[in-house]
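Here the structure comes first, spelled out in structure tokens, and everything after it is commentary.
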Amino acid sequence: MKYISTRGQSPALGFSDAVATGLAPDGGLYLPETLPDLSREWPKWGALDYPALCFEFMRRFATDIPAEVLRGIVAKSYTTFDHAGIAPLVRLDERTYVLELFHGPTLAFKDFALQLLGNLYGHQCAVRGQTINVLGATSGDTGAAAIHALLGQPGTAIFILYPDGRVSPLQERQMACTGAANVYALAIDGSFDSAQAALKEIFGDQDFRTRHRLSAVNSINLARVLAQCVYYLYAWLRLPESARALAEFVVPTGNFGNVLAGWLLRRMGVPIRSFKVATNQNDILYRLFTTGEYRVADVRPSLAPSMDIQVASNFERFLYYNLGCDTARVRAVMADFKRTGEYRFENFDHDCFTASRCADAEIPGIIKQVHARHGYVADPHTACGFKALSADGVSVVLSTASPAKFPETLVGAIGIEPTHPRLERLKTRPIVKHRVAASPQAIADFVSQHAV
Ligand SMILES: *Cc1c(COP(=O)(O)O)cnc(C)c1O
């Protein structure tokens, strides 16, 4: 299987190279040259446990990794989860299910993809006899998930920049209390934007990048999207057969990576009826799916911070299919969008998508309502999914984070402080962080001194 860029001006790569490269050199995102048709395969997979299903799925894509090696990589990636079902499907009533995606090491759904990505990196280092230094900036969750993907991974080091004093105390602990020697939590004296700007400059220095075999951590890696297809299939196979045809997956959405994965699975022949793109007050995608207009707006910080985005970086993959896989058109639209900050779709094909938007002030009320009605405790991101559940059919709400990560909001909403042993353990460990100025030079110097 080969992987092509959505912009059509980079050479096609094998799986491992596309994963190692991340963003294609032409600025596009990698996608499989063709999607496999699984319509005759998936009905046979109902009895598989999560790692076995993930292996069956991924081996159709990771064709340059020997099958038994891949099976081991996948199995190892989900041993770090603390629920036997990995992605349990919880039934609230006959029309409402929750797919819990927060049983990984950082208690949020990004672990599904990043645990696998970390082990793929580790495998690649071993096979090629090379080291990788991963560098990224975070305003919260992604950094923690990336750190937990690489901690203790031989041949790798990870440097995560975050704005000092501007991530939650728990988020900081998830990054700075791992005790792992290959993890560097860099507390930047400045805002998230200044960290991001410094990072961009460092990655722009081709020499530096090559010398340290720098790799970016971001939501656009091909392996992340593919790994996320698996839990949709796993949930689908666990729905009662009578519910399948009626089921809509409700996806708390930021960068469009999560919902894109479900939609790709549908293109591979799993007959999922529809997806609901559930946004918070940062609603660029809600506006797109209700009006056909894609237009940037300022980000307003919310109670569901991992969905606070301005543009949805994975959207370009959807655009590629929507424009009939015509890479020249993708280039034209992206250039247009970059210039004007907006794009209007003609004949926009979004048949299988619905959308909802949740104002920040509504979040505590929804948490309270879900708790009263079902006795279920939802985190603020998941709460956005519970907004405006459709009155007919069956809803499968993806729960993207554990409520224990957001104690203040939960106490405010239902007077209960959820806890989790993983987070309690963190509170007993020392914080090890490195304060660094927000200048590209200072950050590059730090990386040079500590790179593997
Ligand atoms: C990242 C994240 C999201 C948004 O997912 P996308 O793939 O960016 O759409 C939602 N909820 C939580 C808790 C997250 O960490």
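The values are calculated or read from the model by the stated rules, or taken from the named source; none is laboratory data. Quick caveat, the model's predicted, so the values are computed rather than measured. Because the Cβ atoms are built from the backbone with ideal geometry, glycine has one as well, and the counts that use them run over all protein chains shown. Only protein heavy atoms, including side chains, enter the accessible area calculation; ligands, DNA and RNA are left aside. Shrake-Rupley method; radii C 1.70, N 1.55, O 1.52, S 1.80 Å.
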Work out the FRET efficiency for THR34 and THR80 from their Cβ-Cβ distance, taking R0 = 51 Å, and round it to the nearest 0.05.
0.95
Over its alpha-carbon atoms, the chain yields an Rg and a Dmax in Å of 20.8, 60
Ordering of 401-409, 416-424, 5-13 by packing [mean C-beta count within 10 Å, highest first]:
401-409, 5-13, 416-424
Bin width 10 Å, alpha-carbon pairs only: give the P(r) of the stretch 135-268 as whole percents, running from 0 to the bin holding the largest distance.
11, 32, 30, 18, 7, 1
Can you tally the lysine pairs in the chain where the Cα-Cα distance is under 15 Å and the two residues are eight or more apart, or on different chains?
4
Based on DSSP H assignment, which helices of the chain show an axial Cα extent of at least 24 Å together with a mean Kyte-Doolittle hydropathy greater than or equal to 0.5?
222-238
Work out the length of the dipole vector of the chain about its Cα centre, built from +1 on the beta-carbon of each Lys and Arg and -1 on the beta-carbon of each Asp and Glu, and round it to the nearest 20 debye.
460
So with the 1.4 Å probe, I'd like the accessible area per residue for the chain, rounded to whole Å².
39
Here the averaged projected area of the stretch 128-208, based on the convex hull of its alpha-carbon atoms and given in nm², is 5.6
To the nearest 10 square angstrom, what accessible area does TRP45 show with a 1.4 Å probe?
20
Could you work out the relative contact order of the stretch 296-437? I mean the mean sequence separation of Cα pairs under 8 Å and 6+ apart, divided by the number of residues, in percent.
17
Using a 1.4 Å probe and ignoring any ligands, DNA or RNA, find the accessible area of ARG244 and quote it in Å² to the nearest 10.
40
Where in the stretch 158-180 does the amide nitrogen come within less than 15 Å of the point 7 Å from the Cα of ARG435, taken along Cα to Cβ?
162-166
When the stretch 298-444 is reduced to its Cα atoms, the Kirkwood hydrodynamic radius in Å:
19.2
19 Å cut-off, amide nitrogen to a point 7 angstrom out along PHE203 Cα→Cβ, residues in the stretch 253-289
254-258
If you average over every viewing direction, what projected area does the convex hull of the Cα atoms of the stretch 385-430 give, in nm²?
4.6
Förster radius 30 Å - calculated FRET efficiency between ASP298 and ASN347, Cβ distance, rounded to 0.05:
0.50
In the chain, which Cys residues have no partner Cys with a Cβ closer than 4.7 Å?
CYS54, CYS125, CYS177, CYS229, CYS325, CYS352
So how much slack lies between GLU417 and GLN310, counting 0.36 nm per residue of separation and subtracting their Cα-Cα distance, in nm?
35.4 nm
Sort the following peptides by mean Cβ neighbour count (other Cβ atoms within 10 Å, averaged over residues), highest first: 92-102, 203-213, 258-268, 367-377.
258-268, 92-102, 367-377, 203-213
Carbon + sulfur, % of accessible area of the chain - ligands and nucleic acids excluded, 1.4 Å
50
Could you compute how much accessible surface THR340 exposes when probed at 1.4 Å, giving the result in Å² to the nearest 10?
70
Hey, what did the chain get for relative contact order, percent, Cα under 8 Å, at least 6 apart?
19
For GLU94 and ASP17, calculate 0.36 nm times their separation in residues minus their Cα-Cα distance, and state this gained length in nm to one decimal.
23.3 nm
